[in-house]
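Take a look at the structure set out below.
Every read-out reported here was derived from the displayed coordinates using simple, explicitly stated rules and does not represent laboratory data. The structure displayed is predicted, hence computed values, not measured ones. Reconstructed Cβ throughout: ideal geometry from the backbone, glycine too, with neighbour counts over all protein chains shown.
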Amino acid sequence: MKTDTAIASTEHETEAEAERLFRALLNVDCEPGVKWTYEACRGIAPLTLEINRLKRERNAVILAHSYVGAEIIYGVADFTGDSYYLSVQAKKAAAPVIVFAGVVFMAETAKILSPDSLVVVPDRGSGCSLADSMTGPELRRLKALYPDAAVVCYINSTAEVKAESDVCVTSGNVYDIIQRLPERRILFVPDRLMAENVRLEFQRRGVDKEIISSDGTCIVHDAFAARQVAEARQRYPGLKVVAHPECPPEVAAAADFVGSTGAMMRYVKTTPAPYFLLLTECGLVGRLQSEVPEKRLVGGCRLCPYMKMNALEKIRDALAAPRPDQIITLDPATSARAAHAIERMFALAPTD
Ligand code: 13P
Ligand code: SF4
C-alpha cells in the first residue's frame, strides 16, 4: 500500500510531467483545429511517466517517426526524425529493447540493423500502402524482365523486397544515390510517383538514366493535387509550398521545395516566408507547431491511418510485456541480404 508521502510525491511528479508536456504541446493540434490543453496533458502524464520508467528499467530506446502523435514524440521518444535518421539511430542504438513508433517496415529496418535487439511495434496493423504494394516474389519476377537493371528499393518496402535489392534509398538520398550508381537502367520499387519525380529531377540535372518502376503509391501523398497549390497561392501571398517526393509529379513541380520530412522541417525552420503549406502528413505540422510556433502553417496536411495507430497505451503494453504480434521477427538469411542493401545506402548516401 502507498504511504501518504509516496502518493504526494507521485502527485507532484504527475503535475511536473503535465507541465513538461504542456510546454511542448500547447501550440500543437491534438485533432484538426483543436489545441492540446493543460487538462489533456494532465490526463496522459501518468502514462508518459509509466512509459519512461519502464524504458529505464528495460534499458529500452523509443524511436518515433515525425508522423506519429506529438504526445509520443514529446512525451516518450528518445529519437524522432525521418526514415534515414531513424535507421541510423537503430543501428547505433545497441539497446536490448527498441520500441519503434512508426510503421512496420521501419521496425523491420531497425531489426535488420540491430538483429540482437528485441524490436517491438505498438500496433502490428501499422502497415504502409507502399510497403504493402509489393512482395519479394513479385520483385523477383520483375527483376527477371530487366536482368541488366540495378534494383533500387525505397525504404518503404518489406524486408523481403530489400533482400532482393542492390541498394536501398530514402526520400532524403534517392536522387543522389541513383545518380551515383554505375548502371544506366534502374528498376525502382515500389513507389511509382517517386520514380516519376526522380525522372523529372534527372531531366533537370541532365542525368541520363532509364527508371523503370512498379505501381505502388502512398495513400496520403497521392491524394494531394496541384489545384490545391494554386488555390493556396492565391489566398496567401508570399506562400512557400513544401512537398514530399511521394507526391504526384505535378504537385512536386508546383512546390517551392521537395524533400524528406527531415529536409522539409529544416526548410521551414530556416526560410523566411509569411506562410507555409505543407503537403505531407499532419504529424510533421505538429512538430513545427511545437518547435517553431511563430511560423504560419496554413493547413493542407493529411493523416496517415497507419501512423495514427500508434498510441501511448500500446507503447506501454509493448514495453511492459510485448505480445507475440508486437515482436518483429525476420528470417536471418533474408535479414542479412536486406542489411546488405541498407549498408550500401549508408556507404553511398551524401553526408551533410
Ligand atoms: P521520410 O523518410 O521522408 O520521413 O518519409 C517516410 C514516409 O513514410 C513518408 O510518407
Ligand atoms: Fe506509408 Fe504513406 Fe503512411 Fe508514409 S504516409 S507510412 S508512405 S502510407
Q) Where nothing but the Cβ of Lys and Arg (+1) and of Asp and Glu (-1) is charged, how large is the charge dipole of the stretch 111-252 around its Cα centre, in debye to the nearest 20? A) 360
Q. Can you tell which of Met265, Gly238, Cys304 lies farthest toward the positive end of the dipole of the stretch 211-352, using +1 and -1 charges on the Cβ of basic and acidic side chains (Lys, Arg; Asp, Glu)?
A. Gly238
Q.
From the helices alone, meaning DSSP H stretches of at least four residues, give me the mean residue ellipticity at 222 nm for the chain, per-run term -39500 (n - 2.57), in deg cm²/dmol to the nearest 500.
A. -14500 deg cm²/dmol
**Q.** Values of log10 I(q)/I(0), in the order q = 0.14, 0.17, 0.19, 0.20 Å⁻¹, for the stretch 44-181 under a Debye, Cα-only, solvent-free model
**A.** -0.68, -0.93, -1.10, -1.18
Q: Let me know the number of lysine pairs in the chain closer than 22 Å at the Cα, not counting same-chain pairs under 8 apart.
A: 21
Q | Gyration tensor (alpha-carbon) shape descriptor, the chain, a/c threshold 1.5 | A | oblate
Q | Relative contact order (percent, whole number), the stretch 208-310, Cα cutoff 8 Å, 6+ residue spacing | A | 25
Q.
Just to confirm my numbers, what's the Cα centroid distance between the stretch 215-232 and the stretch 86-151 in Å?
A. 25
(Q) What FRET efficiency comes out for Glu57 versus Gln179 if R0 is 35 angstrom and r is the Cβ-Cβ distance? Round to the nearest 0.05. (A) 0.15
Q. What distance in nm separates the simple spin-label points at Lys269 and Ala225, each placed 7 Å from Cα in the Cβ direction?
A. 3.5
Q.
Compute, for the chain, the length of the dipole vector about the Cα centre, with Cβ point charges of +1 (Lys, Arg) and -1 (Asp, Glu) only. Units Debye, rounded to 20.
A. 560
Q) Full extension from Thr10 to Arg205: what is 0.36 nm times the residue separation minus their Cα-Cα distance, to one decimal in nm? A) 64.3 nm
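Listing Val220, Val34 from the residue with the fewest other Cβ atoms within 10 Å to the one with the most, what is the order?
Val34, Val220
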